[in-house]
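> Next up is a structure, given as structure tokens.
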Protein chains: 4
Amino acid sequence: MLIVMKHDASAEDVAGVVHVIEEMGYTAHAVASSNRTAIGITGNQTAIDSSRFAYLSGVAETIRVTKPYKLTTLDFHPEKTIVRVGEETNAPTIGGEELAIIAGPCAVESHAQAFAIAAVVKRSGARFFRAGAYKPRTSPYAFQGMGEEGLRILAEVREAFDLKIVTEAMNEVQVDLVERYGDMIQIGARNMQNFPLLRRAGRSHLPVLLKRGMAATFDELLSSAEYILAEGNQNLVLCERGIRTFTQHTRNTLDLAVVPALRRISHLPIIVDPSHGTGKSYMVAALARAGVAVGADGLMIEVHDHPDHALSDGSQSLTVPDYERAITEVRLIHEALMPVAVA
Amino acid sequence: MLIVMKHDASAEDVAGVVHVIEEMGYTAHAVASSNRTAIGITGNQTAIDSSRFAYLSGVAETIRVTKPYKLTTLDFHPEKTIVRVGEETNAPTIGGEELAIIAGPCAVESHAQAFAIAAVVKRSGARFFRAGAYKPRTSPYAFQGMGEEGLRILAEVREAFDLKIVTEAMNEVQVDLVERYGDMIQIGARNMQNFPLLRRAGRSHLPVLLKRGMAATFDELLSSAEYILAEGNQNLVLCERGIRTFTQHTRNTLDLAVVPALRRISHLPIIVDPSHGTGKSYMVAALARAGVAVGADGLMIEVHDHPDHALSDGSQSLTVPDYERAITEVRLIHEALMPVAVA
Amino acid sequence: MLIVMKHDASAEDVAGVVHVIEEMGYTAHAVASSNRTAIGITGNQTAIDSSRFAYLSGVAETIRVTKPYKLTTLDFHPEKTIVRVGEETNAPTIGGEELAIIAGPCAVESHAQAFAIAAVVKRSGARFFRAGAYKPRTSPYAFQGMGEEGLRILAEVREAFDLKIVTEAMNEVQVDLVERYGDMIQIGARNMQNFPLLRRAGRSHLPVLLKRGMAATFDELLSSAEYILAEGNQNLVLCERGIRTFTQHTRNTLDLAVVPALRRISHLPIIVDPSHGTGKSYMVAALARAGVAVGADGLMIEVHDHPDHALSDGSQSLTVPDYERAITEVRLIHEALMPVAVA
Amino acid sequence: MLIVMKHDASAEDVAGVVHVIEEMGYTAHAVASSNRTAIGITGNQTAIDSSRFAYLSGVAETIRVTKPYKLTTLDFHPEKTIVRVGEETNAPTIGGEELAIIAGPCAVESHAQAFAIAAVVKRSGARFFRAGAYKPRTSPYAFQGMGEEGLRILAEVREAFDLKIVTEAMNEVQVDLVERYGDMIQIGARNMQNFPLLRRAGRSHLPVLLKRGMAATFDELLSSAEYILAEGNQNLVLCERGIRTFTQHTRNTLDLAVVPALRRISHLPIIVDPSHGTGKSYMVAALARAGVAVGADGLMIEVHDHPDHALSDGSQSLTVPDYERAITEVRLIHEALMPVAVA
């Protein structure tokens, strides 16, 4: 249930409602927007009697929630969330007017490789560097990432290039490490329903990038997001990276319709990953353009200085010139659409 | 097998190769591009010995074809096909520089409805009018279309608005009728593997719009296209209209990656249908933008003057103002990308 | 809408209700079961006012139908349909106590091949012979079937072995030919939504075998069945032959749950095709066993005397010894389950 | 790479090969079957030169492995694995002649509920009790399980009924707890690619039940199995529990073809879960029968004394009478097929 407060409700009114909720044994989540406060109730297994709240001071209305998520919705938080990555005033944002570009190799392979690619990423105007130190690999015999040594290299990239580091954690212990070295915790597609991991990320002070699972429905994606918000972390960005279908011409099928579907009911930003979303470098630029055109808040793109020698995902990584051309093209679209304020 | 002739091969050289092919009991398909002629061989069940052709006069090389299609490929026809709909010099084209917009209601419902919507379509600058007279409906109890009376209305729309008529035929007899009243034969998703129908369309003088089946792989789409080309009709446009996946937030999942995949190996134009591709009017504009950004040659969009009263597919039809805004947006993207010559 | 008559309603009562329906401009479908008559109404675009019928003589109740099908349901026809193929008293049936086995090669290839395999099929106790004279092939260059010559061979098989002939028609003209030479019209998966073909089969005097489309939902399968019943042909058997999913270890994914789902709401018999359902001969026997265990009324199995030389689908055809072992196994299961009357 | 030793190779020969492998910096996995020893090599990123081994004493042949798994294959371990759950001589097994039945509620809800259902399970002749103490739930607001208190109840069930406890762990810490209270660690579908969890389970002394992910291909399932075997735990059972497809009549589509596909290349036992595989109680018995008929080594079935009041998955839980009838039916099939030794 959501309790929407009146415009002129006082802080005491809000505290009063929260108090009643807690007396009932539930958890209250109060969020103040520019023109009203909404209070979500979680922890109930069954429907709550709304009459308990209707006459409390400052209450405008109560909304029964039938979906398995509440905090992710525009009902609860009517303004779009802008996630700021970093504390500084000019820290990059995702969800606002700027197009967020998160680029880098699939995995950190060496100091030299990371620095070479980071220079390319920086030069393109992107403000986020992505690279995995812990890699979820289908086979136990594939390269599993450099581990903490990789994270240390990423921390050096951050200092040298003033880029924000987005990197994956596969379990709770790895979240501790990403918090030490990185700027944004990535939860990968295979872990979208790793609920202990989601809870841990929900207690982090870092923003989180949650990738949609390969077979996740829209409701499941939002429910996983809800796990993170319910723990208190509001700095969450979603990422469409392709779903598993019968098609063979791509590794995954990029489901771009999830972007307008999300806009319609949620305040959370969403970006698109055309690299995993296609698995084929020759079509990454085309789908990156489509991602921006459909209204995404940003892109996550794999680029490698030597894709043929990449230790993982080489077949979907762009070469440096192809990456630069793709960035040029997506910026043309982003600028063309600005006047009409799409999405 | 494809036999590629030398640049300076003579008409006699070509005739000589064709003669040998026909002596072997196969069919020869010679196509002259601006700088060479290629001759496809069909009708063989097993591999053909290329040595039979290697030393014929004018032969440059022989290419063994392992895919189930040949005539649809860039190997056979290295220049992109531009389909001209109509005989007049300023007839609209699909596959060239102009962005083809095919718009209209799902079904012809009445003279008044068709004319009202055609006026909107014309005003938007679109040059094609779509509407079904024969509707493939899941239920036998749903509106099945006006039949030949609907085709007559479409012929009047053509005269009144100078719009090209694109309309569906579901069997061979209906192709006869579309040939009489329309400009382009649409073969719907449910009939993508209706092989007798494909063969009939392949013998038509009208261009064909072939929609991808709901569960069709990329190879199956091109193989169905091959049925049409193999019968002699080279004026073929493909259409991505969404595939069936596990997702629930849309009626189908628009697989935009098929556009760059097709560009890579085929000369055929391709358009995108965001109306059927999503099934939800509120996201049609977003996916239309994505379709143009990914590099499609055009769009097929449903628009209705009163979507709430449409006899079919009302939930995915745009209102007139939404349609006009969508067209404005897609043109912004088309123009923005022109200088970089994407796709 | 369905109108259920009282147990003791007279023929005049039924005629009276039918008369009112026809006056309203709709079509009435009256079906008498052992203990009541139900009258389905079709042809209406919108809901019908049930009060028009409530007080007519002999009416027990009216049932509003919200699904897009009526005649296929147990509400309308509460006893399971048993389809008899042939007029003679000992004609084989599908849907009753006997397990229907429909076996044979993918395609008729020659008189010798058809007779050799028919002998195997007859010896196994099966009573139906399947083989295609018209083959829907993905590629225009693949073997398309022997056509009418193939049908003539099938007619000879029928005479020589006393087997019922089940063979596919891909368009209306081919239905005419199957009616001349065969015993049961097969409509293939690719044509499950070829509505003109469904209507034509619905007007045939032969029973129909309708295969589920590769991407057909349960409701779509029943809606296509409804097209056939609505034209008057009640002798319809459905067939599960695998759906298209992301899996790679089989050509299709056999969706056996469709059998109990169908039993729950429909009176129509259903058989399972483990040959197309897997595409791999080594697993056909295992899935045939599963098909019988799940409660199917029969099986359709491909067997070839020389699978390695089959002109189509060799990789999924059983050898003769493997076919015979599979039949032995499925009969063991069929007999084991008889006492508990499963399904 | 696999190195297959001669029949008469000595222990010294094996040790010699292992020594060479370790000198090269790789890991050796030696497994002795009844008539030969095979040594798998893991840890290499690139192909290994087989000539290094060809002339070592006792080596029969070297086999290059191109799949991402080795230890799971019949090449490596040519006899089917029989997993014994428990140390006692009459401990139940999975993969041998007995049909393993793992039954119980979705979740432990109370001492009374667990004991009531365990009595039913015991009476049916099943030897395994399943129930979750930690539940992976889509929504953060759904019942998440009783935690360690639930595990303590399960340990009491074990003592009282002599049933083996199969229960899920969602992260490494929960594996510690399951090891303390249970007999077999279940890894759920959502965690099939939770690689840190797989590694932890691979180091457990308990057998593991690994459920196939909702969108997992056959190769991915075996690769995840390989993670567990590679850590040393050979007591692994796989479980098919349905995949995500476009169908709506079931919650998942049970892909029974995975059973014969697995038999063909792997020595691991596999069971089928018709409860999650359909999500609908009315069809669980039918699919349970199909699972046994297709050749599975056992079944995992949800049963509840009061399905309508179950805290999770009530809609797919069998009532007690339906459970008992299902067990009767599957045993009839298991016995009927024994003489023909299928699969």
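> Starting from the amide H of D:THR167, placed 1.01 Å from N in the peptide plane, find each other amide H under 5 Å away whose residue is 5 or more places distant or on another chain.
Long-range HN contacts for D:THR167: D:ASP183, D:MET184, D:GLN186.
> Could you give the radius of gyration (one decimal) and Dmax (whole number) of the Cα atoms in the stretch B:158-230, in Å?
Over the stretch B:158-230's Cα set, Rg and Dmax evaluate to 12.3, 40 Å.
> What are the nm distances, shortest first, from C:PRO78 to its equivalents in the other copies, labels at 7 Å along Cα→Cβ?
Spelled out, the distances from C:PRO78's label point are 5.5, 6.2, 7.4 nm.
> Then there's this: How would the protein assembly as shown be classified by its alpha-carbon gyration tensor: rounded, prolate or oblate, with rounded meaning a/c under 1.5 and the a/b versus b/c comparison settling the rest?
Numbers: a/c = 1.19, a/b = 1.10, b/c = 1.09.
Rounded is the answer for the protein assembly as shown, as its axis ratio a/c remains below 1.5.
> Let me know the mean shielding of C:327-337 by other chains, meaning the per-residue number of their Cβ atoms within 10 Å of its Cβ. Please list the in-between numbers first.
Numbers: counts 0, 1, 5, 1, 1, 9, 9, 1, 2, 10, 6.
Across C:327-337, the average partner-chain Cβ count within 10 Å equals 4.
> So what does the Cα-only Debye profile of the stretch A:228-270 read at q = 0.13, 0.33 Å⁻¹, as log10 I(q)/I(0), no solvent term?
Summing over Cα pairs of the stretch A:228-270 leads to -0.39, -1.11.
> Compute the long axis of helix B:111-123 from its Cα atoms, compare it with the longest principal axis of the Cα atoms of chain B, and write down the angle in degrees, 0 to 90, nearest 10.
Long axis of B:111-123 versus the principal axis of chain B: about 70 degrees.
> Next up: Ordered shortest first, which distances in nm separate the 7 Å Cα→C-beta label point of C:LEU56 from those of the other copies?
In ascending order, 5.8, 7.2, 8.7 nm.
> Which loop-located GluC sites (Glu not before Pro) does the stretch C:1-89 contain, where loop means any DSSP state but H, G, I, E or B and the Cβ has at most 12 other Cβ atoms within 10 Å? Let's see the in-between values first.
Working: sites: C:GLU12, C:GLU22, C:GLU23, C:GLU61, C:GLU79, C:GLU87, C:GLU88; in loops: C:GLU79, C:GLU87, C:GLU88.
Of the GluC sites (Glu not before Pro), the ones in loops of the stretch C:1-89 whose Cβ has at most 12 other Cβ atoms within 10 Å are C:GLU79, C:GLU87, C:GLU88.
> Do any trypsin sites (Lys or Arg not before Pro) in the stretch A:1-99 lie in a loop, going by DSSP, with at most 12 other beta-carbon atoms within 10 Å of their beta carbon, and if so which? All intermediate terms of the calculation are to be shown ahead of the outcome.
Details: sites: A:LYS6, A:ARG36, A:ARG52, A:ARG64, A:LYS70, A:LYS80, A:ARG84; in loops: A:LYS6, A:ARG36, A:ARG64, A:LYS70, A:LYS80.
Qualifying residues, ordered by number: A:ARG64.
> Order by neighbour count: A:THR62, C:THR319, D:THR72, C:THR328, fewest other Cβ atoms within 10 Å first, most last. Spell out each step's value before the answer.
On the way: A:THR62 20, C:THR319 16, D:THR72 26, C:THR328 12.
Taking fewest neighbouring Cβ atoms as first place, the list is C:THR328, C:THR319, A:THR62, D:THR72.
> Sticking with this one: Using helices alone, I'd like the mean residue ellipticity at 222 nm for the protein assembly as shown: each DSSP H run of four-plus residues gives -39500 (n - 2.57), total over residue count, nearest 500. Intermediate results must be reported in sequence, preceding the final value.
Values: 44 runs with 468 residues, N = 1372.
Calculated at 222 nm, the ellipticity per residue is -10000 deg cm²/dmol.
> While we're looking at this one, here's another question. Take the alpha carbon gyration tensor of the stretch A:117-268, find the square roots of its eigenvalues, order them as a ≥ b ≥ c, and report rounded if a/c is under 1.5; if not, report prolate when a/b exceeds b/c, else oblate. Could you put the intermediate results ahead of the total?
Details: a/c = 1.43, a/b = 1.29, b/c = 1.11.
Rounded shape, in that the Cα axes give a/c under 1.5.
> To continue, here is another question. By how many degrees, 0 to 90 and rounded to 10, does the Cα axis of helix B:148-161 deviate from the longest principal axis of chain B?
That works out to roughly 90 degrees.
> Right, something else. Each residue of the stretch A:246-261 in turn: what ³J(HN,Hα) in whole Hz from Karplus with 6.51, -1.76, 1.60 and θ = phi - 60°, glycine and Pro shown as x?
Values per residue, Gly and Pro as x: 6, 5, 10, 7, 9, 6, 9, 10, 6, 9, 5, 5, 5, 5, x, 4 Hz.
> For the stretch A:196-343, what is the largest minus smallest coordinate of the Cα atoms on each principal axis, given in angstrom and ordered from greatest to least?
Reported extents, whole Å, longest axis first: 42, 41, 34.
> Sort A:236-244, C:297-305 by the packing proxy (mean of other Cβ within 10 Å over each peptide's residues), most packed first. Intermediate values should be presented prior to the final figure.
Working: A:236-244: 25.4, C:297-305: 27.1.
The packing order, highest mean first, is C:297-305, A:236-244.
> How large is the Kirkwood hydrodynamic radius of the stretch D:81-136, in angstrom, based on all distinct alpha carbon pairs?
In the stretch D:81-136 this quantity evaluates to 12.4 Å.
> On the first, second and third principal axes, largest extent first, how far apart are the outermost C-alpha atoms of the stretch B:185-265 in Å?
Ordered largest first, the stretch B:185-265 gives principal extents of 40, 26, 17 Å.
> Another question, if that's okay. Cβ under 10 Å from D:GLU240's Cβ, D:GLU240 left aside: what net charge do those residues give with Lys, Arg +1 and Asp, Glu -1?
On the way: positive: D:LYS211, D:ARG212, D:ARG241; negative: D:ASP255, D:ASP273.
Counting the neighbours of D:GLU240, the net charge comes to +1.
> Now, a different point. How far is B:ASP162 from the same spot in each other copy, in nm, shortest first, if each label point sits 7 Å from Cα toward Cβ?
When each copy's label point is compared with this one, the spacings are 5.7, 7.5, 9.3 nm.
> Near the amide H of C:LEU318, under 5 Å away, which other amide H atoms are found, from residues 5 or more places off or on another chain, if H is placed in the peptide plane?
It is C:GLU302, C:VAL303, C:HIS304, by chain and number.
> Along the axis that rotates chain D into chain B, which residue of chain D has the nearest beta-carbon, and what is the gap in whole Å?
For the rotation taking chain D to chain B, the closest Cβ gives D:PHE246, 3.
> Related question: Counting only other chains, and only Cβ atoms inside 10 Å, what mean value do you get across the residues of D:201-214? Could you put the intermediate results ahead of the total?
Values: counts 0, 1, 0, 0, 0, 0, 0, 0, 0, 0, 0, 0, 6, 8.
Across D:201-214, the average partner-chain Cβ count within 10 Å equals 1.
> FRET efficiency for B:THR46 and A:TYR282, Cβ-Cβ distance as r, R0 = 56 Å, nearest 0.05? Don't skip to the answer; put the middle values down first.
Working: r = 33 Å, r/R0 = 0.58.
For R0 = 56 Å, the calculated efficiency reads 0.95.
> Same structure, new question: What is the mean number of Cβ atoms from other protein chains located within 10 Å of the Cβ atom of each residue in peptide D:140-152, rounded to a whole number? Walk me through the numbers on the way to the answer.
Values: counts 19, 15, 3, 1, 2, 0, 0, 0, 0, 0, 0, 0, 0.
The shielding value for this peptide is 3.
> While we're on this one: If the viscosity is 0.692 mPa s and the temperature 37 °C, what translational diffusion coefficient in µm²/s does Stokes-Einstein give for the stretch B:20-66 when Rh comes from Kirkwood over Cα pairs? Write down the numbers at each step before the final one.
Details: Rh = 11.6 Å.
It comes out at roughly 282 µm²/s.
> Follow-up question, since we're still on this one. Taking 8 Å as the Cα distance limit and 6 or more residues as the minimum spacing, I'd like the relative contact order of the stretch C:83-337 as a percentage.
17
> Of the DSSP beta bridges with both residues in the protein assembly as shown, give the percent that are antiparallel, rounding to the nearest 5. Each step should come with its number before you reach the end.
Details: 68 of 176 bridges.
If I count the DSSP bridges inside the protein assembly as shown, around 40 percent turn out antiparallel.
> Next question, about the same structure. Sort largest first and round to whole Å: the equivalent ellipsoid semi-axes of chain B, each the square root of five times a Cα gyration tensor eigenvalue. Can you show the working numbers first?
On the way: eigenvalues 279, 86, 70 Å².
Each semi-axis is the square root of five times an eigenvalue, giving 37, 21, 19 Å.
> Which whole-number percent is the relative contact order of the stretch B:184-262 (Cα, under 8 Å, 6+ apart)? Please report the intermediate quantities before stating the final value.
Details: 128 pairs, mean separation 22.6, N = 79.
Across the stretch B:184-262, relative contact order equals 29 percent.
> Remind me, relative contact order of the stretch C:3-101 in percent, using alpha carbon pairs under 8 angstrom and six or more residues apart? Walk me through the intermediate numbers first.
Details: 124 pairs, mean separation 26.6, N = 99.
Relative CO of the stretch C:3-101 lands at 27 percent.
FYI, it's all coordinate maths here, none of it is from the lab. All values derive from a computational prediction rather than experimental measurement. Reconstructed Cβ throughout: ideal geometry from the backbone, glycine too, with neighbour counts over all protein chains shown.
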